[in-house]
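The values are calculated or read from the model by the stated rules, or taken from the named source; none is laboratory data. On a predicted model such as this, the values are computed, not experimentally measured, just so you know. So basically every Cβ, Gly included, is an ideal-geometry build from the backbone, and we count neighbours across all protein chains shown. These accessible areas exclude ligands, DNA and RNA; they are computed on the full protein's heavy atoms, side chains included. Shrake-Rupley method; radii C 1.70, N 1.55, O 1.52, S 1.80 Å.
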Amino acid sequence: MKINTMAEYQSEGKKPEVLFWVGCAGSFDARAQKVTKAFVKILNAAGIDFAILGNEESCTGDPARRAGNEFVFQMTALQNIEVLNMYEVKDIVTACPHCFNTLKNEYPALGGNYNVIHHTSYLNSLLKDGRLTIEGGAFKGKKVTYHDSCYLGRVNGIYEAPRELIAALDAELVEMKRCKTNGLCCGAGGAQMFKEDEPGDKRINIERAEEIISTGAKVVAANCPFCITMLSDGMKAKDKQEDIMVHDLSELIVQAKNL
Amino acid sequence: MSIGQIIFILVIVVAFSIAIRNFSKIRRNILLGKDEEISGNEGKRWKNVLLIAFGQKKMIKRWIPAVLHLSIYVAFLFTQIELIEIMIDGFFGVHRFFAPYLGGLYTLIISSIEILSFAALVATFIFLARRNLLKIPRFIMPEMGGWPKLDGNLILLGEIALVTGIFMMNGADVVLQKMDPQHYPATGFLPISSVLGPMLFDGLDINIVKAIERIGWWLHLIVVLGFLNYLPISKHLHIFLAFPNVWYSKLTSRGEIENMPEIMNEVKSMMGLIPEQEVDMEAELPEFGAKDIFDLSWKNIMDAYSCTECGRCSAVCPANLTGKKLSPRKILMDIRDRATEVGRNLDTGGLKFVSEEGRAKNEQLTAKNYDDGKNLFDYITREELHACTTCNACVEACPVTINPLEPILKMRRYEVLTESAGPSDWLPMFTSIENSGSVWQVPEDRDKWAKDLLEENQ
Ligand code: SF4
Ligand code: SF4
């Protein structure tokens, strides 16, 4: 296994196929690190020549901008763009839909133009190109439900790629009532992740957890580190953390492939 | 010229002049917002207007109200054909001007109007029941008390009056055609009035039937003119504004929050990416974000005036669903009410609405020096603004492509950038991004996970 940084590639005078943008959660959050590792294992298994930025990566600025702090957003975003442009990065893959959205839709206005792809779309295209195979029936016939994150689904219109991965796992997809364009938020977006809730009747993740439980699925496939935190907390609050597993799609593939 | 014609012309002139005055006030209120150039990609815009505004594409998600709404809408459109005839008849003092010329086609048109009106009547009663008897959550949220509730009901009652007018007029006419064929040209068999008319009015004195016909005719006209003048104070303004509002709706990605070039350039010059900006030390500190309607874009205000108060946005809002105060519909209603309030005050020309500086310079009241000591934050609380997850469910749900998220974010920007306020929980996140490039203050390296993984795989 190898994990090289852009700096290392550059010193060898080489360029990777794609830059893996890890994001704050993927880098530091204990739960999300597992997703990062799972995704890297798949990249390795598929023989993808990828790089990370390592310490040269900063927060994309999504939560700052959505909290209203444009100064902090611009500072971190412009710094990232400096780094990305210095390395002449063209293709970026990321396992976080917030990073994905900001890099893809917000950096162009600041002078950062890249071809950005979310890891579920990326894995799906590897699958279609035959560079990734998902064999073994670890999930064959198992009930899996899928949680559309707002920033992958409603905001960027990506509903099918992750569902096709679930189909490739041979799992039985049980949709929640609120799915695709109607998907219910996990409650983390718009910088909610970083503050207490406003007073209300319940937390949003509990509402979603109840909907998940009602599907009867034992596995929830997600595509966002913040959704995973929120939904896992929801399961704990409902005392279902032992029965219902919340996983990123890359983790499910790693389990199926026994990587 | 008969007395009837004179009254008719008077009524029309008065109704239209009041309407024009009130509509231009709405236009003025919308333009109180900031300039924003919205253009380009006409093809896509036409398509949106056709599918979303005209075709009501986004209504289909909830199909029961979609079908009911569609019947009223189509009936309303079709009835306008009859209105053309009413105008001609009223103006020239003739009766059923088109009937002799169009023959069978006339029968077809009036029959269609009758059938559609009947469908609309049924839909109206169901709507009344939905609003008042069934406890549909989106109609009983706090912002739907008082005027909004009355508004919703009034229009439905107006619809009943309109349909009653149509059937009185046509029903009596069918009977009169037999009694006085010379003055009442044949309309052919009308599916409802040819049955209902003789049933109710046969055997009555001809003058009474004539009176019934006239009452129906005037009722039809008055309801339509009344409606026209009622629109500017009602959520029903959407029947006009939905079209331009959909036309001007954002075509770029929902994921992109409007860039702030002033701040971008300042940061760029701080980072040495562009030459240092000339800083005018005398200039007032700039204000960022939106504190009042003047800081929103004109499109945000048009959104507010286009809002149908249907509550589809709030019904899917995760914050609202879990009992938080935030309701995207209320945000739009507040912006509209504030714009209307400012507009009304501007109309008075009262010097008490001139800002202190303006008064010192002896200025007349204008939108530029307006200051009534209030702003949007008196309508929309911070608690509401803070609860938004930017999930875009409201944007997705709105049948007339309103974007409730934009004003929410603009007000958050005001709070954070101009007032340096906002939830204190956010401060560590801001400082951490600023100082260590991560949302959390962590002592470890950003790629520690990579080292761990390599170790695990040894
Ligand atoms: S974007 Fe904000 S206001 Fe709109 S539905 Fe989501 S949480 Fe509610
Ligand atoms: S903003 Fe749109 S969805 Fe919400 S109440 Fe108004 S018209 Fe309905």
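Here is how the numbers come out for the structure above:
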{"item": "Residue in segment B:381-402 that is farthest from ligand 2 (Cβ to nearest atom), counting only those that are open to solvent by less than 10 Å² (accessible area, probe 1.4 Å) and on the phi > 0 side of the Ramachandran plot", "result": "B:Thr390"}
{"item": "Scope segment B:396-449; condition away from ligand 1 (no atom under 16 Å from the Cβ), more than 7 Å from every other protein chain (Cβ to nearest Cβ) and assigned to a helix (DSSP H, G or I); matching residues", "result": "B:Tyr414, B:Thr418, B:Leu427, B:Pro428, B:Thr431, B:Ser432, B:Asn435, B:Ser436, B:Lys448"}
{"item": "Total residues in segment A:44-61, condition part of a helix (DSSP H, G or I) and either open to solvent by less than 10 Å² (accessible area, probe 1.4 Å) or closer than 13 Å to B:Leu427 by Cα (or both)", "result": "1"}
{"item": "Test: residue in segment B:364-380 that is open to solvent by 20 Å² or more (accessible area, probe 1.4 Å), within 14 Å of chain A (Cβ to nearest Cβ) and not small (Gly, Ala, Ser)", "result": "yes"}
{"item": "Those residues of segment B:52-72 which are in contact (Cβ under 8 Å) with a residue 60 or more places away in the chain and of a type in the set (Phe, Trp, Tyr), in sequence order", "result": "B:Phe54"}
{"item": "Among residues of segment A:1-39, those that are touching a strand residue (DSSP E or B) at 6+ places or on another chain (Cβ under 7 Å) and at the interface with chain B (Cβ under 8 Å from one of its Cβ atoms), counted", "result": "3"}
{"item": "Lone unmet requirement of (1) open to solvent by less than 10 Å² (accessible area, probe 1.4 Å); (2) at the interface with chain B (Cβ under 8 Å from one of its Cβ atoms); (3) without any contact (Cβ under 8 Å) to a residue 60 or more places away in the chain for A:Phe71", "result": "(1)"}
{"item": "Of all residues in segment A:118-160 being among the basic types (Lys, Arg) and farther than 25 Å from A:Ser214 by Cα, the one that is most open to solvent (accessible area, probe 1.4 Å)", "result": "A:Lys128"}
{"item": "Matching residues in segment A:183-208 - criterion: being facing chain B (nearest Cβ under 7 Å) and outside any loop (DSSP other than H, G, I, E, B)", "result": "A:Gln192, A:Phe194, A:Ile204, A:Glu207"}
{"item": "From the options B:Lys330, B:Lys352, B:Lys324, residue that is away from ligand 2 (no atom under 13 Å from the Cβ), crowded, with 17+ Cβ neighbours inside 10 Å and either farther than 17 Å from B:Lys235 by Cβ or outside the structural domain of B:Ile140 (by TED's automatic domain parsing) (or both)", "result": "B:Lys324"}
{"item": "Every residue from segment B:127-186 that is charged (D, E, K, R) and part of a helix (DSSP H, G or I)", "result": "B:Arg130, B:Arg131, B:Arg138, B:Glu143, B:Lys149, B:Asp151, B:Glu159, B:Asp173, B:Lys178"}
